[in-house]
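Note sheet for the following structure.
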Amino acid sequence: MTETQSPPDEKMVDVFSDQQPPVDAARNPIGWELARLADTDPRIVALSADLSSGLQLLRERHPQRYVELGIAETNAVSVAAGLATTGLLPYIMSMGPFGAIKCAEQLRTDVGYTGLPVRFMGRLSGLAMGFFGPSHQAIEDIAIARAIADLTVVSAADSAATLGLMRSTFDLPGPVFFRVTEHAGKVYDAPQQFEFGKWVRVRDGADLTIIATGAAVGVSVSAAELLAEAGIQAAVLDAVYLKPVDEEAVVDAATAGPVLTVEEHMPIGGVGSIVAEILGGRGIVTRLGRVAISDEAIEAGVPEELLEYYGLTPAAVARRARDLL
Amino acid sequence: MTSTQSATVVVPGELERGRPLSVDELRWRGDWIRIRVIELIASAGLGHYSSSFSCAELFAGLYYRALRLRPSEPDWADRDRFLLGKGHSATALWPILADLDFFPAAWLDDFGKVAAKINDHPNMKVAPGIDFSSGALGHNLSVGVGMAIGARIQRRDFRTVVVTGDGELQEGQVWEAIMAGSHYHLGNLVAIVDANGFSGGGATSAAMNIEPLADRFTAFGWSVVEIDGHDPQAVLDTFDAFPDPASDKPTCVIARTVKGKGLRMTEQAPQAWHLGHMTDEQQTDAVREIKARMA
């Protein structure tokens, strides 16, 4: 199978579509990569908590390496830990809050504290499931995941980054938590190697730095383009690794000028908090703006409308950036 | 069933399934465990007496007869797995693992100290012979399901045994694991419920009723056998009758036990001795009482 480069505005597979999701690397990075890995690596096992969408290629080629556990997420995490003790490499598919939030204890106690090589795919994170309402929105998951010791936490800006991160973290001996936001627009042309603990400068600019993660990266790049039209040059950093974090990238950005963080996450414990912790710890003073979902009961709506409502659009982010200067 | 790898070559020092253990020896070993538990808690200054006493015969039967192990090779891929859901009874496990040479007996002197390798609850990262860490009630049957499925995927015939408390069965996750066990036809999985009738806060079924337990496991698709968990003959017979790992139904042994069993003081006040520390005099009396019947 060959990978296909994603067309300009291709988003990842709609997991609730009635159509069979296409099995190509661009629109179904997780399913594609797991099937590819399983062809040559007998350790690969995918677990699903009623979220088998996109795994049909794996199921066809390696039915034994797909374990459906039903709508029983806490069991799924502990089962994954047990599988890992037998030498297998489990990938858990879970949806939104029914991952890190619901299973925080199992993730911490059975996976984090034991250091087992479980790969936790937190799919449909952020506001991806906005239409379903607050119960289905994972917007506290970064805060929870990064508080767990010895857990690597990565956040994919788009489909290509999802694939790149799966490959970049493949050899890590301990557990890895992936925050995937399927509604993200394109940022990277192709999957790339993401150096451990390092953020990626996806756009240069001398006037301020926007630090974003996940779907907010693409939004921030578009915001930077709007700012450029007004003569303001904004750099954009993709906070790919949320644990461990790229302290030096934060220091460099803050030393150069104002910093604006952007995330589809509650204001507490996400990228904004990461940056504030580092700046405070290093005694660096700079203007810091943080764009996040407001700390109040969240609304329901399709992602596009929610993003508008919470100021997570290019125009709104550009406005917040101008306010910092 | 597809063919499975099995450990047909027995290496020196390997502990096979079904090795010789008489009824008297099992009974003796249970009491030996109780004395060692008292000694360990004495040095730590605090410990879980009553819940360690209720599973003494169960542990004796597992480690001195039923489990296939290689103490010199604690990560042996074909070893039988043992998971202690009720992790606070690890005090009863440490003397056994030391006796079987999983680690030096000198480690027992450090029990309960900060950064010691053996503690009130088991830690798989530091203690050889521990297949999974525990402490959080309700997790370990799920972990056992994972190990059992892992065995099937890799065509290994090891058995996975999980000892849970009865209070632990109040946790919903346990029932998710029980569903999965029968859904995946895990004949290589055994759950043993140390049903001593109590949790930390009081009588189990007064807090949240879990009976009729046998009916519940049966309804979830498991084979169930109910025994007196302190009857050495029943323990031997039941453990000898574990189904072939290639079979298609998981097994639950409901071991009806007495919290604090084996010592008048702890039998009469099991909750007072759920977590505590005996005085020197109490300890001397306790050991004397147990030793008197071990002759």
| task | Please find, within the stretch A:158-181, the residue that is modelled with the lowest pLDDT out of those that are touching a Lys or Arg at 6+ places or on another chain (Cβ under 8 Å) and β-branched (V, I, T). | result | A:V180
| note | Out of (1) in a loop (DSSP other than H, G, I, E, B); (2) over 30 Å from B:P74 (Cα atoms), the one A:F131 does not meet is (1)
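Looking at B:G150, is it open to solvent by 20 Å² or more (accessible area, probe 1.4 Å) and closer than 24 Å to A:G174 by Cα?
no
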| Filter result (under 17 Å from A:D50 (Cα atoms), out of contact with any Leu (no Cβ under 8 Å at 6 or more places or on another chain) and free of Cβ contacts under 8 Å to residues at least 60 places away in the same chain) within the stretch A:106-128 | A:G122
| Looking at A:V187, is it surrounded by 15 or more Cβ atoms within 10 Å (Cβ to Cβ) and assigned to a strand (DSSP E or B)? | no
| request: With the checklist (1) touching a strand residue (DSSP E or B) at 6+ places or on another chain (Cβ under 8 Å); (2) open to solvent by 10 Å² or more (accessible area, probe 1.4 Å) in hand, flag the one item B:I254 doesn't pass. | output: (2)
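B:G150: touching a Gly at 6+ places or on another chain (Cβ under 9 Å) and free of Cβ contacts under 8 Å to residues at least 24 places away in the same chain, yes or no?
yes
Table: residues versus (1) assigned to a loop (DSSP other than H, G, I, E, B); (2) without any contact (Cβ under 8 Å) to a residue 60 or more places away in the chain.
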| residue | (1), (2) |
| --- | --- |
| A:E225 | no, no |
| A:E248 | no, yes |
| A:V251 | no, yes |
| A:I298 | yes, no |
| A:E304 | no, yes |
| A:R319 | no, yes |
| Single match in B:A219, B:A214 (criterion: aliphatic (A, V, I, L, M) and without any contact (Cβ under 8 Å) to a residue 12 or more places away in the chain) | B:A219
| So which residues in the stretch B:176-202 are farther than 18 Å from A:S48 by Cα and either open to solvent by less than 10 Å² (accessible area, probe 1.4 Å) or in contact with a Cys (Cβ under 9 Å, 6 or more places away or on another chain) (or both), if there are any at all? | B:L186, B:G187, B:N188, B:L189, B:V190, B:A191, B:I192, B:V193, B:D194, B:A195, B:N196
| field | Single unsatisfied condition, A:A156 versus (1) open to solvent by 10 Å² or more (accessible area, probe 1.4 Å); (2) in contact with a strand residue (DSSP E or B) (Cβ under 8 Å, 6 or more places away or on another chain); (3) closer than 15 Å to A:V271 by Cα | value | (1)
| message | Condition first: more than 14 Å from every other protein chain (Cβ to nearest Cβ), touching a Gly at 6+ places or on another chain (Cβ under 6 Å) and in a loop (DSSP other than H, G, I, E, B). Can you find one or more residues in the stretch B:99-113 that meet it? | response | yes
| note | B:K86 vs (1) charged (D, E, K, R); (2) crowded, with 21+ Cβ neighbours inside 10 Å; (3) within 11 Å of another protein chain (Cβ to nearest Cβ): all pass except (3)
| Every residue from the stretch A:134-164 that is in contact with a helix residue (DSSP H, G or I) (Cβ under 6 Å, 6 or more places away or on another chain) and in a helix (DSSP H, G or I) | A:H136, A:I144, A:S159, A:T162, A:L163
| request: Would you be able to say whether some residue in the stretch B:271-282 is of a type outside the set (D, E, K, R) and part of a helix (DSSP H, G or I)? | output: yes
| field | Extreme residue, modelled with the lowest pLDDT, among residues of the stretch B:132-154 that are closer than 22 Å to A:C103 by Cβ and more than 7 Å from chain A (Cβ to nearest Cβ) | value | B:G135
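The values are calculated or read from the model by the stated rules, or taken from the named source; none is laboratory data. Worth saying up front: this structure is predicted, and the values here are computed from it rather than measured. When we count neighbours, we look across all protein chains shown, and the Cβ atoms used for this are built from the backbone with ideal geometry, even at glycine. Ligands, DNA and RNA are stripped out before the accessible areas are found, and what is left, the full protein with its side chains, is counted by its heavy atoms. Shrake-Rupley method; radii C 1.70, N 1.55, O 1.52, S 1.80 Å.
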